[in-house]
Amino acid sequence: MDRCIVLVDAGYLLGAAASLLAGEPSRSRITVDHTALIHGLRERAESDTQQPLLRIYWFDGAPDRVPQPEHRRLRVMPRVTVRLGALTRSDGRWAQKGVDAAMHAELTELARNRACSDVVLVTGDGDLLPGMMAAKEHGVAVHLWAVQAADGDYNQSEDLVAEADERRVLDRAWITKAVRAKEHTGVCAPQPAPRPEIAAILSAPLPDSALAAPPERPAPQPQHPAAGPGPNGTDERVPAAKGVPTPKDLAALRAPGTQPAQPPASATLRWSSDKGWVDRPAAEPPEAASMPTLAQLTTAEQRWADREEDITTVGGDPFEVGQVFARRWVGRLGDQGHLQKLSGMYPRIPHRVDGELLRYAARFGLLAHKDDQIDERDRYAIRAGFWKEIGVRTGVEHTPVGD
């Protein structure tokens, strides 16, 4: 039939775009406008093939093949079908499994059924060569698109390039219509500084069982502690005396029946923020602990509407995610006195609200392709977006360092 189909290897397209714009193939270094990207692919495919578009197939990997937020946004777009392979960790790095096989199967099936006259492949993997050759044997014209390489060299299999009927390069100007490198200005993490308070905390009093000092420079002892008679007449090993507290020792400070040791006056609890190291009280004030979470303020109907908005409207930019969360939280907050109290706590977000904020951000793929935690810079950006929205609602400007 006289129509075209586009098969996109998302790992190749976005990884190559990240290399071109950010200098490394990590997709966490770029922000993608998926609506603009799909529109650009459709427009370019119809222009190059001179055929109307039937469908765009988006092939990507996901942990346990569970759709990520970007996949949920893509699969509700018209003329877009999402196919997911597995995303696994190997030697500390993410790797796609099953994506190439799925592309190969889809390509050969479409060609065999004569579902289209032209196929556009956005990929660089030579494993698709057999599928490309099979499609050509069924009379399908194969168009191979490459992303402009950062070093001016090929980022595709030479066999694919040689076998394709038509070849095009998606250059920087085309890529930047939908993809941009992330910028982290004003929300960078503070530089590490000496922490003398750690030594003060370690000098806190220990339980009596841990205070027994070892004799001064005794003669070399055997590797195992000496044994002594136990209550049942058998020998039992006596644990060696400790000079540095272990987690078990510290836990004993809070054991029932023991008197909790007071931290020394020189020990200061601090937390990191966009203002650097900020002194933190030992416990949250009552007004912070009493602030409701977004989940407590959200009805079932609102939760459904939030999910639809997250899928169709909210991008994956950390700053934007923080703003969206704050806007919903403030809009549903009945007691506006909480808002004024919160503004006075800047830059600290109450623990329960902050934890919920980061869990919400994790739903937007900010954990993907990282070490199973949100990147430190992204955490600062998420909280900066939260405070920006709070400042708009209260009229108090919360300006991060560097702005």
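The values are calculated or read from the model by the stated rules, or taken from the named source; none is laboratory data. Being a predicted model, the structure only gives us computed values, none of them experimental. Glycine gets a Cβ as well: all are built from the backbone with ideal geometry, and neighbour counts include every protein chain shown.
Values as computed for the structure displayed
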{"read-out": "Residue among 50, 68 that is out of contact with any His (no Cβ under 9 Å at 6 or more places or on another chain), surrounded by 14 or more Cβ atoms within 10 Å (Cβ to Cβ) and not aliphatic (A, V, I, L, M)", "value": "68"}
{"read-out": "Unique match (being within 26 Å of residue 137 (Cβ to Cβ) and either touching a helix residue (DSSP H, G or I) at 6+ places or on another chain (Cβ under 7 Å) or modelled with pLDDT of 95 or more (or both)) among 107, 74, 87", "value": "107"}
{"read-out": "Candidates 134, 111 - the one that is among the small types (Gly, Ala, Ser), surrounded by fewer than 19 Cβ atoms within 10 Å (Cβ to Cβ) and in contact (Cβ under 8 Å) with a residue 24 or more places away in the chain", "value": "134"}
{"read-out": "Selected residue (criterion: surrounded by the fewest Cβ atoms within 10 Å (Cβ to Cβ)) from residues of segment 147-168 that are in contact (Cβ under 8 Å) with a residue 60 or more places away in the chain and small (Gly, Ala, Ser)", "value": "149"}
{"read-out": "Within segment 89-100, tally of residues that are more than 11 Å from residue 11 (Cβ to Cβ) and surrounded by 14 or more Cβ atoms within 10 Å (Cβ to Cβ)", "value": "1"}
{"read-out": "Hits in segment 301-326 (condition: in a helix (DSSP H, G or I) and surrounded by fewer than 16 Cβ atoms within 10 Å (Cβ to Cβ))", "value": "301, 302, 303, 304, 305, 307, 308, 309, 312"}
{"read-out": "Among (1) within 13 Å of residue 9 (Cα to Cα); (2) of a type in the set (Ser, Thr, Tyr); (3) more than 30 Å from the chain's Cα centre (by Cα) - the single one residue 108 does not satisfy", "value": "(1)"}
{"read-out": "Any hit, segment 177-193, residues being acidic (Asp, Glu) and either at pLDDT below 50 or in a loop (DSSP other than H, G, I, E, B) (or both)", "value": "yes"}
{"read-out": "Residue satisfying condition, being crowded, with 22+ Cβ neighbours inside 10 Å, within 22 Å of residue 170 (Cα to Cα), touching a Ser or Thr at 6+ places or on another chain (Cβ under 8 Å) and not assigned by TED's automatic domain parsing to the domain that holds residue 318, within set 9, 60", "value": "9"}
{"read-out": "Some residue of segment 50-58 being more than 16 Å from the chain's Cα centre (by Cα) and touching a residue at least 60 places away in the same chain (Cβ under 8 Å)", "value": "yes"}
{"read-out": "Close pairs (9 angstrom Cβ cut-off, 6 or more residues apart or separate chains): touching a residue at least 24 places away in the same chain (Cβ under 8 Å) and under 15 Å from residue 35 (Cβ atoms) in segment 169-182, of a type in the set (D, E, K, R) and surrounded by 14 or more Cβ atoms within 10 Å (Cβ to Cβ) anywhere", "value": "177/33; 178/33; 179/33; 180/33"}
{"read-out": "Output for segment 76-122, where each listed residue is under 22 Å from residue 156 (Cβ atoms) and of a type in the set (Val, Ile, Thr)", "value": "99, 108, 119, 120, 122"}
